[in-house]
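A.B. asks: Sharing a structure here in structure tokens format.
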Amino acid sequence: CEQFIPLGRELRVGVVEKEEGGLEFLPIVEYFLHKKEHPIRTSKDKISSSDDGAENMDFAPVDRQCPAVVDDELHNKLRDLAMRSHEALSCRHYSLYDVRVDPEGNPFFIEASPYCSFSPKSALVTMSRGDVKYGDTDLFFRLARKAIKEHEELRVARENQGDKQVMGMRIIPSSQV
């Protein structure tokens, strides 16, 4: 049976891998729900569409703050939750998590967000703007460089084993089948 988590704060936390190895905890985003009809964020709180039912979609207006104001104890709990979740889920490059914090300051993992967007209003870009050490594009290029490097290392390793890849399909020599 799932435990009901008393209403409190809704936060998003994230982790990115450093280029030289190790993990870095990103600035925390807090979503304010006090003006909402429901005490949770729904799809209508994230994406808006035109009233006429057309396919025009855009980001919904959002009441959030980054970096969130949290005390050291909660910050440490959130960092630990994010770092341990990243490792436990075998994430690569980055990971984002929605967290509900109860009135006593206990964080509860709600969900992992296994997607990445670098649109101007996305969570990852918002988090990077929460610290002056990141520019608007620094985090994007850092993650892109890491992914390209890993892809190249994997390609070279496969070629050294005799595997070839043509237009998205791996070709395995018949001697290995």
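The values are calculated or read from the model by the stated rules, or taken from the named source; none is laboratory data. Everything quoted here is computed from the prediction, not taken from an experiment. Don't worry about glycine lacking a Cβ; one is built from the backbone with ideal geometry, like all the others, and counts go over all protein chains shown. Keep in mind that these areas ignore ligands, DNA and RNA; they rest on the heavy atoms of the full protein, side chains included. Shrake-Rupley method; radii C 1.70, N 1.55, O 1.52, S 1.80 Å.
A.B. asks: Which ones in region 79-96 are surrounded by fewer than 16 Cβ atoms within 10 Å (Cβ to Cβ) and in a helix (DSSP H, G or I)?
C.D. replies: Residues satisfying the conditions are D80, R84, E87, A88.
A.B. asks: Just the residues that are within 13 Å of L26 (Cα to Cα) and of a type outside the set (A, V, I, L, M), please, taken from region 68-85.
C.D. replies: H75, N76, R79, D80, listed by residue number.
A.B. asks: Step by step: first the residues of region 109-134, then only those that are open to solvent by less than 50 Å² (accessible area, probe 1.4 Å) and part of a strand (DSSP E or B), then the one that is modelled with the lowest pLDDT. Which residue is that?
C.D. replies: The extreme case among them is S113.
A.B. asks: Test V99 against the stated conditions and say whether it is buried (at least 18 other Cβ atoms within 10 Å of the Cβ), in contact with an Asp or Glu (Cβ under 9 Å, 6 or more places away or on another chain) and in a loop (DSSP other than H, G, I, E, B).
C.D. replies: no
A.B. asks: Another one. Check E104, E73 and return the single one that is out of contact with any Ser or Thr (no Cβ under 6 Å at 6 or more places or on another chain), open to solvent by 30 Å² or more (accessible area, probe 1.4 Å), in a helix (DSSP H, G or I) and under 22 Å from G8 (Cβ atoms).
C.D. replies: Exactly one of E104, E73 is out of contact with any Ser or Thr (no Cβ under 6 Å at 6 or more places or on another chain), open to solvent by 30 Å² or more (accessible area, probe 1.4 Å), in a helix (DSSP H, G or I) and under 22 Å from G8 (Cβ atoms), namely E73.
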